[in-house]
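Here's the structure, in structure tokens; my notes come after.
What follows is calculated from the coordinates using simple rules that are stated; it is not laboratory data. Since we're looking at a predicted model, the values are computed, not measured. FYI the Cβ positions are ideal-geometry reconstructions off the backbone, even for glycines, and counts take in every protein chain you see.
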Amino acid sequence: MCKVTACSVSTSTVPPRILKLMDPERHHFTCVPFIVRSNPPPTLRWLHNGVEIQETSYIYTDAESYLDYKEGCLLINNPTHYNNGNYTLEAENELGLASETIVAHFLPTPDALSSFHPTLAVEWWLLAPFMADPKVVQVLDHLFPIAPPGGAED
């Protein structure tokens, strides 16, 4: 049993270390989950394709701190092909800098889709809200097989 006088929370300093950075998950917003360990608390910075993200109501960090951990998501509201690319999380405090990158692919570009199947290109964006569901992708692929030229053989 622990007595109040004998218990203490570790106050040692810890340079930033990104413990988890995962591929995006679709929720109400799309979430790029992360966990960072650092003491003193880190400053977080997100980059998209090497350019710092200016957070808005459309794309922002939502995180909670627990002792020397910070856990949360980079939230993106209905991402499109414009949001595809490299997402880098940087965590920095006076002891150092940690950086991790993931590649996110939310939707195909309209040009890529039109070169494979012209009839889908006209209103491909109507399917955007449903494309995160693997079952929808399977059905669409069955109805409209999409393959790069020379990439699929019958």
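Structural remarks
- What the Cβ-Cβ distance of ARG17 and GLN54 gives, at R0 = 22 Å and to the nearest 0.05, is a FRET efficiency of 0.30.
- Report note on the peptides 54-67, 28-41: ranked by the mean count of other C-beta atoms within 10 Å, highest first, their order is 28-41, 54-67.
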